[in-house]
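The structure under discussion appears below in the form of structure tokens.
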Amino acid sequence: MAETKIKNRFEIRVFDERAEQTVADLLAYRNPQRTVFGIINNYLRFVKPIANKPTSKWPLDDRWAQFIGKYADKLRLAVSPEPVTLDQTIQWIKKQVAPSLKMLMPRLQ
């Protein structure tokens, strides 16, 4: 490849449980490239469109496959949702709903 002055910077931001899963993967494998490419490969995919085929059946783009290279594994960061508790609902009402209701009450009467 020809030398180029173009530089790209990729940034992955993860929070809460996804951050914990990312750190767990980094500690387990001690391979940042594996972790980063696993996250990218799970959430992003470039394909070659083929008419009359569903997008899920489109083949992977050759340049994308070359970019991902040996890091073709996927790292899924989504966690299973937990049921909402009554206490969480009450806290949501206090923080989100109550201030708006307080502001609207004079207009509703």
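Annotations
- In region 23-109, counting only helices (runs of 4 or more DSSP H) that sit wholly within it, the ones holding 1 or more residues that are open to solvent by 70 Å² or more (accessible area, probe 1.4 Å) and closer than 25 Å to Ile12 by Cα span 32-43, 62-68.
- Of all residues making up region 20-74, the number that are without any contact (Cβ under 8 Å) to a residue 12 or more places away in the chain, among the basic types (Lys, Arg) and touching a Phe, Trp or Tyr at 6+ places or on another chain (Cβ under 8 Å): 0
- Selection status of Glu17, open to solvent by 60 Å² or more (accessible area, probe 1.4 Å), in a helix (DSSP H, G or I) and not aliphatic (A, V, I, L, M): yes
The values are calculated or read from the model by the stated rules, or taken from the named source; none is laboratory data. Keep in mind it's a predicted model, so treat the numbers as computed, not measured. Ideal geometry is used to build each Cβ from the backbone, glycine not excepted, and the neighbour counts take in all protein chains shown. SASA here: full protein model, heavy atoms, side chains in, ligands and nucleic acids out. Shrake-Rupley method; radii C 1.70, N 1.55, O 1.52, S 1.80 Å.
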